[in-house]
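*Asks:* Once you've had a glance at the structure underneath, I'll fire off some questions.
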Amino acid sequence: MIAQNVEAQLIKVPTGCQDYYPALYGGVSAIHLDPDGIHHTVVRVAPEDLDRRFVLAYTGVPRQSGINNWEVFKAHINGNKKIFHNFERIGEIARAMHHALALADWNEVARLLREEWKLRKTNAPKITTRLIEKLVSVALRQGALAAKVCGAGGGGCVVFLTEPDTRDHVSAAIRSYGGRVLPAMVAREGLTVSGRSLGAA
């Protein structure tokens, strides 16, 4: 909560609450936005499985989180039924994803990832770009199972799910079309704070 509030004050834009938990705890997490507060649980999946299956690529353009999130936020406040339906379904997908990851059911993970991206694109027109669509299309043709933008989209990073034996091939295809494949892996540990106590002056 402190990190969220500090960031919002620094960038002068309302922030979400989910981004801080992976950095704090490491590993693979589920974030539950419950009536009594935000709760973090560990998803029991081997980090190595994710490392071998996911590719993270940067589009070369910073993501447009403020603009895209604001458009969706306004539509939700104005009672846009499509937005309400999309978020209901996205919530269902998130809960199903937790279950699929815990079972290491990668076919179901891929199906859910594809469905979530399809819904996300209908929330705001600038969530995707011509380059993002190109990278996703190329990756799928080269064996990727699914893909979606990270965060609010409009640029930034795209994550791709692959089979372990096609990961390098998909990465090469992404690079050949202008994507910058980033070294990425699941953090095994979260934030640690160390220091020494100061004696009396």
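*Asks:* What are the residues whose amide H is under 5 Å from the amide H of residue 150, where those residues sit 5 or more places off or on another chain and H is modelled from the backbone?
*Replies:* Answer set, sorted by chain and number: 157, 158, 159.
*Asks:* Take every Cα pair under 8 Å in segment 1-89 that's 6+ residues apart, average their separations, divide by the length, and report that relative contact order as a whole percent.
*Replies:* After rounding, I find 14 percent.
*Asks:* Of the residues 11, 31, 132, which exhibits the maximal mean-square fluctuation in a Gaussian network model of the chain defined by a 10 Å Cα contact cut-off?
*Replies:* Per the Cα network of the chain with a 10 Å cutoff, 11 tops the list.
*Asks:* Would you kindly calculate the mean projected area, averaged across all directions, of the convex hull enclosing the Cα atoms of segment 114-201, in square nanometres?
*Replies:* Computing the convex hull of the Cα atoms and averaging its projections yields 9.4 nm².
*Asks:* Okay, next question. Where a ≥ b ≥ c are the square roots of the eigenvalues of the C-alpha gyration tensor, would you call segment 141-180 rounded, which needs a/c under 1.5, or, failing that, prolate if a/b is larger than b/c, or oblate?
*Replies:* Oblate shape, in that a/c is at least 1.5 and b/c is the bigger or equal ratio.
*Asks:* Counting Lys +1, Arg +1, Asp -1, Glu -1, what net charge surrounds residue 76 among other residues with beta carbon under 15 Å of its beta carbon?
*Replies:* +3
*Asks:* With the cut-off at 1.5 for a/c, could you classify segment 46-138 from its C-alpha gyration tensor as rounded, prolate or oblate?
*Replies:* Verdict is oblate for segment 46-138.
*Asks:* Regarding segment 1-160, what's the average projected area of the Cα-atom convex hull, expressed in nm²?
*Replies:* Dividing the Cα hull surface by four gives the mean projection, 10.0 nm².
*Asks:* Using the heavy atoms of the protein chains and a 1.4 angstrom probe, tell me the accessible area per residue for segment 1-46 in square angstrom.
*Replies:* Computed with neighbouring chains in place, this is 71 Å² per residue.
*Asks:* Any idea of residue 191's accessible area? Nearest 10 Å², probe 1.4 Å.
*Replies:* Here the residue's solvent-accessible area equals roughly 110 Å².
*Asks:* Helix-derived [θ] at 222 nm for the chain: sum -39500 (n - 2.57) over DSSP H runs of at least 4, divide by residue count, nearest 500?
*Replies:* Counting only the DSSP helices, I get -15000 deg cm²/dmol.
*Asks:* With a 1.4 Å probe and all protein chains left in place, how much of the accessible area of segment 47-201 comes from carbon and sulfur atoms, in whole percent?
*Replies:* Of the solvent-accessible surface of segment 47-201, carbon and sulfur hold 56 percent.
*Asks:* Along the principal axes of its C-alpha atoms, what lengths does segment 87-164 span, in descending order and rounded to whole Å?
*Replies:* 34, 31, 16
*Asks:* Ok, one more. Report the relative contact order of the chain, percent, no decimals, based on alpha-carbon pairs under 8 angstrom and at least 6 residues apart.
*Replies:* Contact order relative to length: 30 percent.
*Asks:* What distance in nm separates the two pseudo spin-label positions at residue 70 and residue 141, each 7 Å out from Cα along the beta-carbon direction?
*Replies:* Distance between the two pseudo-spin positions: 3.7 nm.
The values are calculated or read from the model by the stated rules, or taken from the named source; none is laboratory data. Everything numeric here is computed off the predicted structure, so don't read it as measured data. Note: ideal-geometry Cβ built from the backbone for every residue, glycine included; neighbour counts use all protein chains shown. Heads up: the accessible areas ignore ligands, DNA and RNA and are worked out on the full protein's heavy atoms, side chains in. Shrake-Rupley method; radii C 1.70, N 1.55, O 1.52, S 1.80 Å.
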